[in-house]
Amino acid sequence: MMIALTGTPGTGKTSVAMELKKRGIPVTHVSDTTGPYTLGEDKERDTRIIDDERWALEFTPVEGIIEGHMAHYLQADRIVILRCRPDILKERLSGRGYSEEKIQENVESEILDVALAEAFDIHGRDILYEIDTTGMDIITCADKVEEIVRGNAEPEIGIVDWLIPYGDMI
């Protein structure tokens, strides 16, 4: 079974994946699988350009977690979308040294539910799980994801709406 762990950069995907790996759950990072699909660099946005459609089409499913902000493009058995309050996300991305432009782009993506909307468009709602990581420690978040991995949680989306309180950040 392959579980996609996705969300806007800074929502906790890598930290949660590392904790799940400590628990014995296999983890594959999207960034380790996209090399052959890299088309170049966008220096202005400080990001790699990936042929994500070809990558998703040719991806060989893995057992366990596939972690990364494009994981929801894959044909996974379950998709977990991590969310984070925009002001906290902004602090996290700033702490990583992201440019103001890149921070703004990612905060806007989080406010507008981009990962959730894309996952919904591709898969419908029956395999989607949304977790608000704001104020949640890594252990608790990993516990929630592990419940999903083990099949002990029902799909749930629509629990987060940042648009009203954070609309002025866009």
Practice task
Could you pull out the residue among Asp126, Asp137, Asp143, Asp132 that is surrounded by fewer than 19 Cβ atoms within 10 Å (Cβ to Cβ), within 18 Å of Tyr73 (Cβ to Cβ) and at pLDDT 95 or above?
Solution key: Asp126
Problem - Residue check, Leu89 farther than 24 Å from Arg23 by Cβ, touching a Pro at 6+ places or on another chain (Cβ under 9 Å) and either basic (Lys, Arg) or in contact (Cβ under 8 Å) with a residue 60 or more places away in the chain (or both) - result: yes
Handout entry: Residues (outside any strand (DSSP E or B) and of a type in the set (Val, Ile, Thr)) located in region 58-78
Key = Thr60, Val62
Handout entry: Sole residue being touching a Leu at 6+ places or on another chain (Cβ under 6 Å), surrounded by fewer than 23 Cβ atoms within 10 Å (Cβ to Cβ), closer than 23 Å to Ile138 by Cβ and of a type outside the set (Asp, Glu), chosen from Ile103, Ile88, Ile25, Ile81
Key = Ile103
Exercise for the section: Mind listing whichever residues of region 79-93 are out of contact with any helix residue (DSSP H, G or I) (no Cβ under 6 Å at 6 or more places or on another chain), not aliphatic (A, V, I, L, M) and not in a loop (DSSP other than H, G, I, E, B)? Expected result: Arg83, Asp87, Glu91, Arg92
Practice task
Output the residue which, of all residues in region 106-123 that are free of Cβ contacts under 8 Å to residues at least 40 places away in the same chain and surrounded by fewer than 16 Cβ atoms within 10 Å (Cβ to Cβ), is farthest from Thr11 (Cα to Cα).
Solution key: Asp121
Practice task
Could you figure out which of (1) more than 22 Å from Asp121 (Cβ to Cβ); (2) part of a helix (DSSP H, G or I); (3) of a type in the set (Asp, Glu); (4) free of Cβ contacts under 8 Å to residues at least 24 places away in the same chain isn't true of Glu101?
Solution key: (4)
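Identify all residues within region 146-158 that are assigned to a helix (DSSP H, G or I) and either touching a strand residue (DSSP E or B) at 6+ places or on another chain (Cβ under 7 Å) or surrounded by 15 or more Cβ atoms within 10 Å (Cβ to Cβ) (or both); write none if there are none.
Matches in region 146-158: Glu146, Ile148, Val149.
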Exercise for the section: Tell me, please, whether a residue that is surrounded by 22 or more Cβ atoms within 10 Å (Cβ to Cβ) and touching a residue at least 24 places away in the same chain (Cβ under 8 Å) can be found in region 29-38. Expected result: yes
Problem - Matching entry among Asp52, Asp77, Asp46 (being out of contact with any strand residue (DSSP E or B) (no Cβ under 9 Å at 6 or more places or on another chain) and under 24 Å from Pro155 (Cβ atoms)) - result: Asp52
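The values are calculated or read from the model by the stated rules, or taken from the named source; none is laboratory data. Values in this document were obtained by computation on a predicted structure and should not be read as measured data. Using ideal geometry, Cβ is built from the backbone for each residue, glycine included, and neighbour counts are taken over all protein chains shown.
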